[in-house]
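**Q** Mind looking over this structure? Questions follow.
Please treat every number below as a calculation from the coordinates, not as lab data. As the structure is a prediction and not an experimental result, all values here were calculated from the model. Neighbour counts are summed over all protein chains in view; Cβ atoms, including those assigned to glycine, are modelled from backbone coordinates with ideal geometry.
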Amino acid sequence: MNLIESIVAQAPALTGLRRDIHAHPELGFEEERTAGLVAGKLAQWGVPLHRGLGGTSVVGIVHGRDGGKCERAMGLRADMDALPLAERNTFAHASRHPGKMHACGHDGHTVMLLAAAQYLAAHRDFDGTAYLIFQPAEEHGGGARAMIEAGLFEQFPMEAVFGLHNWPGLAAGQFAVSGGPVMASSNEFRIAVIGQGGHAALPHLGCDPVPIACQIVQAFQTILTRDKKPLDAGVISVTMIHAGQASNVIADRCEIAGTVRAFTAGVLDLIERRMGEIARGISAAMGARCDLYFERNYPPTVNTPHEAAFCRQVMERIAGAQNTLAQEPTMGAEDFAFMLQARPGAYGFIGSGAGGSHAPCPLHSPHYDFNDALIPLGATYWVRVVEGWLGQQPG
């Protein structure tokens, strides 16, 4: 493993910083303390910075040995927000804010990029500029989109942008990256089936929306098995059904909600269209009506081939070819997708193993804890991405 020794030497301090952020989680667009900590560290290391673009963001600006005169530039992105989740860990750095928790590793992502910032500012072994993007609100908030709409790529022009996420189940010390779609789009729906309520002993006098909703839920699965091509990926998950307030009263309304995932716009268009046709058709056939709301939240995360191949080379130089894997696409979603719609780039994965230093760490689990052993590895990767990208000829 070819790690940067000076970053390895900083591991205890970096671990302490990561655990401090873990103990003080902040939700999307509320990351005031975290952003202040990031800005303070960057300023301490002599890194110019910009705050508040599209929310509680921080962008660090590290010029190379040429002072950035060659005008080449690239970006690295880390997310800072936590999840609205009650932590169940009992170690000393567990969340001090009830109902908020770093359950996806954004605390570790932030510190890996900070560690890279410290090294890059001290050495500047490249020409051009590295923009270090500390982004708010990845979880549900669309912080990447907010930063782009506020002028991220106009204010900080860059050739390419790169992201990295820890990945439980992938062995610690391994990386993964692939060109093309690596994470799905995230979309949500809400359906209200509206019937006619009444007495539960006299169902023939009303129109019960509950069995209608159940038929709709079951019929949705035929979209995946009979409408969609078998080789195209798509998921419809109904995660909530709400109706009624009393056991002897037929409700007049039943609400269904859930999520849809897909890798292509064509599959998503098909699913959205058929969901509407099925929900309205079944409701009408049973004497009810329905209202359908479908929101497209995050697009698919699609790595551009050249940038993914470049990242693979960097990973192989650090961890070896045997520890650099192809990333199997996942139906999870990531708002870094907005950045990849605007600029070439690649979103890679760093293995976090079976667990962190204190607990098993499946993502979004109340028992999650980031594996601190990854910090020097992830920081080394970021440094080598900057030095490698800005050391090659453009195009």
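**Q** For the chain, find the longest principal axis of its Cα atoms and tell me its angle to the long axis of helix 374-389, 0 to 90°, nearest 10.
**A** Approximately 70 degrees, to the nearest ten.
**Q** Rounded to whole Hz and in sequence order, give me ³J(HN,Hα) for the range 317-328 from the Karplus expression 6.51 cos²θ - 1.76 cosθ + 1.60, θ = phi - 60°, writing x for Gly and Pro.
**A** Those phi angles translate into 5, 8, 10, x, 4, 5, 10, 10, 10, 6, 7, 5 Hz.
**Q** On C-alpha positions alone, give me the angle between the axis of helix 32-44 and the longest principal axis of the chain, in degrees, nearest 10.
**A** Long axis of 32-44 versus the principal axis of the chain: about 10 degrees.
**Q** Using θ = phi - 60° and the Karplus form 6.51 cos²θ - 1.76 cosθ + 1.60, what ³J(HN,Hα) does each residue of the range 176-192 get, whole Hz, x for Gly and Pro?
**A** 8, 7, 8, x, x, x, 10, 9, 7, 6, 10, 9, 10, 9, 9, 10, 10
**Q** What residues have an amide H closer than 5 Å to that of residue 83, excluding those fewer than 5 places away on the same chain, when H is modeled at 1.01 Å from N in the peptide plane?
**A** 101, 102, 103
**Q** To test your reading of the geometry: what angle, between 0 and 90 degrees and rounded to tens, separates the Cα axis of helix 11-23 from the longest principal axis of the chain?
**A** Computed tilt is about 30 degrees.
**Q** Please turn the phi angles of the range 48-55 into ³J(HN,Hα) values with the Karplus equation 6.51 cos²θ - 1.76 cosθ + 1.60 (θ = phi - 60°), one per residue in order, whole Hz, x for glycine and proline.
**A** x, 8, 10, 10, x, 6, x, x
**Q** Using amide H atoms built 1.01 Å from N in the peptide plane, name the residues 5+ places from residue 73, or on other chains, whose amide H lies under 5 Å from its own.
**A** 129, 159
**Q** For residue 330, what residues show an amide H to amide H distance below 5 Å, using hydrogens built from the backbone and excluding near sequence neighbours?
**A** Here 183, 184 satisfy the definition.
**Q** Restricting attention to the range 1-81, which GluC sites (Glu not before Pro) occupy a DSSP loop and are surrounded by at most 13 other Cβ atoms within 10 Å?
**A** Counting only loop positions with at most 13 other Cβ atoms within 10 Å, the GluC sites (Glu not before Pro) in the range 1-81 are 71.
**Q** Something else about it: Could you sort 223-229, 133-139, 200-206, 185-191 so that the peptide with the highest average Cβ count within 10 Å comes first and the rest follow in order?
**A** 133-139, 185-191, 223-229, 200-206
**Q** What is the Cα centroid distance between the range 287-306 and the range 80-94, reported in whole angstrom?
**A** Result: 29 Å between the Cα centres.
**Q** Moving on. Sorted from fewest to most neighbouring beta carbons within 10 Å, what does the list 269, 127, 291 look like?
**A** 269, 291, 127
**Q** Relative contact order of the chain: what whole-number percent is it, with Cα pairs under 8 angstrom and at least 6 residues apart?
**A** After rounding, I find 24 percent.
**Q** Run lengths n ≥ 4 of DSSP H only: what is the helix-derived mean residue ellipticity at 222 nm for the chain, with -39500 (n - 2.57) per run over all residues, to the nearest 500?
**A** Calculated from helices alone, the mean residue ellipticity at 222 nm is -10500 deg cm²/dmol.
**Q** Still on this structure, I have one more. In whole angstrom, note down how far apart the Cα centers of the range 55-70 and the range 188-213 are.
**A** For the range 55-70 versus the range 188-213, the Cα centre distance is 59 Å.
**Q** While we're looking at this one, here's another question. Where the eigenvalues come from the Cα gyration tensor of the range 185-298, what are the semi-axes √(5λ) of the equivalent ellipsoid, largest first, in whole Å?
**A** Sorted largest first and rounded, they come to 29, 13, 10 Å.
**Q** Wrap a convex hull around the Cα atoms of the chain, take a quarter of its surface area, and give that in square nanometres.
**A** Result: 21.0 nm².
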